[in-house]
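Take a look at the structure below.
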Amino acid sequence: MLKIYNSLTKQVEEIRPLQPGKVEMYTCGPTVYSYPTIGNWRTYVLSDLVLRALRIEGFEVDSVMNMTDVGHLTGDNLGDADTGEDRLEKAAAKEKKTAWGIAKYYGEDFVDSFGKLNLVKPLLFSKATDHIKEQIDLVQRIEKAGFAYRIADGIYFDVAEYEKKGNIYGKLSNLEEIKPGARVEINTEKRDQRDFALWKFSPAGAKRDMEWESPWGMGFPGWHIECSAMSMKYLGDQLDIHVGGEDLKSTHHPNEIAQSESVTGKKPFVRYWMHGAFLLVDGGRMGKSLGNAYTLHDIIEKGYSPMALRYYYLSAHYRKQMNFSWEGMEGVSNSYKKLKKEFLALRVEGGQDKNIFGNKAEVELSGREAFFRDEFVSAVEDDLNMSAALAVARTVLKDEKLNSFEKRRLVENFDKVFGLKLAERDEVPADIPAEVMEMVNKREEMRKTKQWAESDALRKEIEAKGYKISDFFDGVKVEKI
Ligand code: AMP
Ligand code: ZN
C-alpha cells in the first residue's frame, strides 16, 4: 500500500480511496501569466509521481489540474490574495497583448513543457474561464447557506460565521500563518481579516479584458473558488488526493476547504492533502526580481535534457526543500546520462516492459528479481522515497547475478514511476557535454535570425571541440567526430 504524508492529519497514512480501485485526484495548477519556474515544476512532478505510483499499485487514477487564467491577484505575494492587480491583466499590459492572449500563449507553453517533462496528462486541464457558471453557482450556494456577504469591492466568505457553525477554519496551516497582521493592505470593510473574496467587482468606470455578468454585478471570480468549483464538478463533493506546493497550505487550501465544506455539510472535501516543499536556488529564495526564477526553457537552452531536471527532482525527498544550482544540474545530468547509458547497453529481447507489479503482474519473476522489485516498491510506498528507489535501480544495473534481460525488465518497469524515458534512445545525445549543447542551441538561435557568418564561426568552434553538426529542416543532429 502506498503511504504518503497527509498534511490534514499530520501523519504518514496509507492511501485508501473512497471507491475501491479508483483514486480521484486534483492538483492546483499554474497561473498562466508567465513561464512556470523550475520550482513550480517540482510540484507538478510530485503530482505526477503520486499518479504513477498509484498506477503501479493497480489503481485507476482520475486526475484534474486547473489552469488559473483569471482572478489571481498580485497581493498574494504579500499574504492577501484579494488585493493588488490581476496577474494576467498586468502581464497583458506589459506584453501588449490581451489577458486572453496571455492565457492562451502561456497555457499552450505549459502543456508543451508538461509533455517535455514526461508528465502523465490529466484527464483534464480545466481552465477557470471555462467554468465561470460553475463558480457563480457555487458562490450562490455559499450565499444561500449563509456564509457570504457583500462589501464595496466584492462578495466575501464569512469565516467567523463558518466557525460559529462548528467548523474549524485553517486545519492545514499553523495558526500563526494566517494571522491577519501578515497582510499589508487591510480591507477595513471585511468582517474578519481572514475573510476572502468569492467574487470581485470590476472597478467602477474601468473595463477589464476578463469580466462577466453575475447576480451581484459585473466582475470576476476570487482566486480560490475555481478549485472548489472545478474539483466538485469533475470529482464530486469529496475526493481522495489534492496536491499543491507548501505555500498553498496557509491560505489557498484552507479557503478551498471552507468554501466546499460550507455547502456539502462537513463531509471532508479532500481526504489526503499533499504538499511539496519549495525549491530554492543557490540556497535562497527563487524570484523574478532576483533573476533566478529559472524556467524549463533555461534548462534546455543550457543544453540539459528535461529528463535530467526530472532526475534532479527525484534525488530529493518531496517534503524537504531542495536546492538548485547549475553545478548541481551538471552533476545530476551526468548521473542521468550514466544511468541511461548503462540501461541502454543491456540486451533487448522485447517484452521487458510487461508489468511486474502487484496483482496485475503479467510475468513470473525469478527470486532475485522479485527481491529487487520488492525493494523498489517499498521505497516508493514509503512516502515516495524516490532517491532510495533510484538507488535500487543503480544496484540492479550493477548486480552480478541478474542477467541482462532481468536487469532490463526490472529497470524498465521502475521507469514507469521514474518517468525518465530510459528506454528512449534518441532522448539524450548521451555523450554530448552540456557546454557543447549550449553552443549548438546558441547556433540554432543565430540561424533563426539569419546570422549566417556568426553561426558558421560557432560551427567551427564546435568542430574544434570534436563534434559534428548536421542540419535538417526540423532540427540538428550532433555527433562525436
Ligand atoms: P502558482 O503559479 O504561483 O500558483 O504556483 C503553482 C504551483 O507551484 C503551486 O502549487 C505552488 O505552491 C507551487 N510553487 C510555487 N513556487 C514554488 C517553488 N519555489 N518550489 C516548489 N513549488 C512551488
Ligand atoms: Zn487550488
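Condition check: touching a strand residue (DSSP E or B) at 6+ places or on another chain (Cβ under 8 Å) and not hydroxyl-bearing (Ser, Thr, Tyr). Does ASP282 satisfy that?
yes
Scan TRP212, TRP199 and give me the residue that is hydrophobic (A, V, I, L, M, F, W, C), over 15 Å from TYR156 (Cβ atoms) and in contact (Cβ under 8 Å) with a residue 40 or more places away in the chain.
TRP212
Taking ASP69 as the residue in question, decide whether it is within 16 Å of ligand 2 (Cβ to nearest atom), in contact (Cβ under 8 Å) with a residue 24 or more places away in the chain, of a type in the set (D, E, K, R) and surrounded by 22 or more Cβ atoms within 10 Å (Cβ to Cβ).
Judged against the criteria, ASP69 is a match.
Please work out if MET286 is modelled with pLDDT under 95, within 13 Å of ligand 1 (Cβ to nearest atom) and not charged (D, E, K, R).
When the stated conditions are applied, MET286 passes them.
Restricting attention to the range 112-129, does a residue exist that is away from ligand 2 (no atom under 16 Å from the Cβ), open to solvent by less than 10 Å² (accessible area, probe 1.4 Å), within 27 Å of the chain's Cα centre (by Cα) and closer than 22 Å to TRP199 by Cα?
no
I'm checking my understanding of the structure. Among residues of the range 17-62 that are at pLDDT 95 or above and of a type in the set (Phe, Trp, Tyr), which one is nearest to ligand 2 (Cβ to nearest atom)?
My answer is TYR26.
Taking ARG347 as meeting all but one of (1) open to solvent by 30 Å² or more (accessible area, probe 1.4 Å); (2) over 30 Å from MET439 (Cβ atoms); (3) at pLDDT 95 or above, write down the number of the exception.
If we test ARG347 against (1) open to solvent by 30 Å² or more (accessible area, probe 1.4 Å); (2) over 30 Å from MET439 (Cβ atoms); (3) at pLDDT 95 or above, just (3) comes out false.
Failed condition for SER250, given (1) buried (at least 16 other Cβ atoms within 10 Å of the Cβ); (2) farther than 26 Å from TYR106 by Cα; (3) away from ligand 1 (no atom under 13 Å from the Cβ), with all others met?
With (1) buried (at least 16 other Cβ atoms within 10 Å of the Cβ); (2) farther than 26 Å from TYR106 by Cα; (3) away from ligand 1 (no atom under 13 Å from the Cβ) applied to SER250, the lone miss is (3).
Only helices (runs of 4 or more DSSP H) wholly contained in the range 388-470 count here; list those with 3 or more residues that are farther than 28 Å from GLY115 by Cβ. Spell out the reasoning first.
Details: elements: 404-418, 434-448, 452-464.
Per the criteria, 404-418, 452-464.
Here are some residues: VAL281, VAL270. Which one is within 14 Å of ligand 1 (Cβ to nearest atom), in contact with a Phe, Trp or Tyr (Cβ under 8 Å, 6 or more places away or on another chain) and among the aliphatic types (A, V, I, L, M)? Walk me through it before giving the result.
On the way: VAL270 fails: within 14 Å of ligand 1 (Cβ to nearest atom).
Being within 14 Å of ligand 1 (Cβ to nearest atom), in contact with a Phe, Trp or Tyr (Cβ under 8 Å, 6 or more places away or on another chain) and among the aliphatic types (A, V, I, L, M) holds for just one of VAL281, VAL270, which is VAL281.
If you take the residues in the range 226-247 that are open to solvent by less than 10 Å² (accessible area, probe 1.4 Å) and outside any helix (DSSP H, G or I), which one is nearest to ligand 2 (Cβ to nearest atom)?
Going through the qualifying residues, I end up with GLY244.
Check whether at least one residue in the range 248-262 is within 16 Å of ligand 2 (Cβ to nearest atom), in a loop (DSSP other than H, G, I, E, B) and assigned by TED's automatic domain parsing to the domain that holds GLN19, and report yes or no.
For the range 248-262, residues within 16 Å of ligand 2 (Cβ to nearest atom), in a loop (DSSP other than H, G, I, E, B) and assigned by TED's automatic domain parsing to the domain that holds GLN19: present.
Among the residues of the range 72-97, write down those that are away from ligand 2 (no atom under 16 Å from the Cβ) and small (Gly, Ala, Ser).
If the condition is that a residue be away from ligand 2 (no atom under 16 Å from the Cβ) and small (Gly, Ala, Ser), then GLY75, GLY79, GLY84, ALA91, ALA92, ALA93 are the ones that fit.
Within the range 149-172, count every residue that is touching a strand residue (DSSP E or B) at 6+ places or on another chain (Cβ under 6 Å) and either among the basic types (Lys, Arg) or in a helix (DSSP H, G or I) (or both).
So the count comes out to 0.
Return the residues of the range 344-370 that are closer than 20 Å to VAL380 by Cα, part of a helix (DSSP H, G or I) and in contact (Cβ under 8 Å) with a residue 24 or more places away in the chain; say none if nothing qualifies.
Within the range 344-370, GLY358, ASN359, LYS360, ARG368, GLU369 qualify.
Conditions tested, residue by residue: (1) within 9 Å of ligand 1 (Cβ to nearest atom); (2) over 30 Å from ALA379 (Cα atoms); (3) among the hydrophobic types (A, V, I, L, M, F, W, C).
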site: THR27; (1), (2), (3): yes, no, no
site: TYR35; (1), (2), (3): no, yes, no
site: ASN40; (1), (2), (3): yes, no, no
site: VAL45; (1), (2), (3): no, no, yes
site: LEU49; (1), (2), (3): no, no, yes
site: ARG55; (1), (2), (3): no, no, no
site: SER63; (1), (2), (3): no, no, no
site: GLY71; (1), (2), (3): no, yes, no
site: ALA99; (1), (2), (3): no, yes, yes
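In the range 272-311, what count of residues is obtained for those that are closer than 29 Å to SER7 by Cα, part of a helix (DSSP H, G or I) and open to solvent by 20 Å² or more (accessible area, probe 1.4 Å)?
Adding up the residues that qualify gives 1.
Of TRP223, TRP199, which residue is of a type outside the set (D, E, K, R), surrounded by 16 or more Cβ atoms within 10 Å (Cβ to Cβ) and at pLDDT 95 or above? Show your work before the answer.
Working: TRP223 fails: at pLDDT 95 or above.
Of TRP223, TRP199, the one residue that is of a type outside the set (D, E, K, R), surrounded by 16 or more Cβ atoms within 10 Å (Cβ to Cβ) and at pLDDT 95 or above is TRP199.
Restricting to the range 442-456, what's the tally of residues that are surrounded by 15 or more Cβ atoms within 10 Å (Cβ to Cβ) and of a type outside the set (Asp, Glu)?
Counting residues in the range 442-456 that are surrounded by 15 or more Cβ atoms within 10 Å (Cβ to Cβ) and of a type outside the set (Asp, Glu) gives 5.
With the range 1-55 as the region, which strands (runs of 3 or more DSSP E) entirely inside it contain at least 2 residues that are on the phi < 0 side of the Ramachandran plot, open to solvent by 40 Å² or more (accessible area, probe 1.4 Å) and not polar (S, T, N, Q)?
In the range 1-55, the matching strands (runs of 3 or more DSSP E) lie at 3-6, 11-14.
Looking at LEU88, LEU8, which is the one that is in contact (Cβ under 8 Å) with a residue 60 or more places away in the chain and within 16 Å of ligand 1 (Cβ to nearest atom)?
Step by step, each of LEU88, LEU8 is checked, and only LEU88 is in contact (Cβ under 8 Å) with a residue 60 or more places away in the chain and within 16 Å of ligand 1 (Cβ to nearest atom).
List the residue pairs whose Cβ atoms are under 8 Å apart, where the first residue sits in the range 29-46 and is assigned by TED's automatic domain parsing to the domain that holds GLY107, the second is within 16 Å of ligand 2 (Cβ to nearest atom) and open to solvent by 20 Å² or more (accessible area, probe 1.4 Å), and the two are 6 or more positions apart or on different chains.
Listed pairs, sorted by first residue: GLY29/PHE125; PRO30/ASN40; THR31/ARG87; TYR33/ARG87.
The values are calculated or read from the model by the stated rules, or taken from the named source; none is laboratory data. Please read these numbers as outputs of a predicted model, since none were measured by experiment. Reconstructed Cβ throughout: ideal geometry from the backbone, glycine too, with neighbour counts over all protein chains shown. In case anyone asks, the SASA skips ligands and DNA or RNA and just uses the protein heavy atoms, side chains included. Shrake-Rupley method; radii C 1.70, N 1.55, O 1.52, S 1.80 Å.
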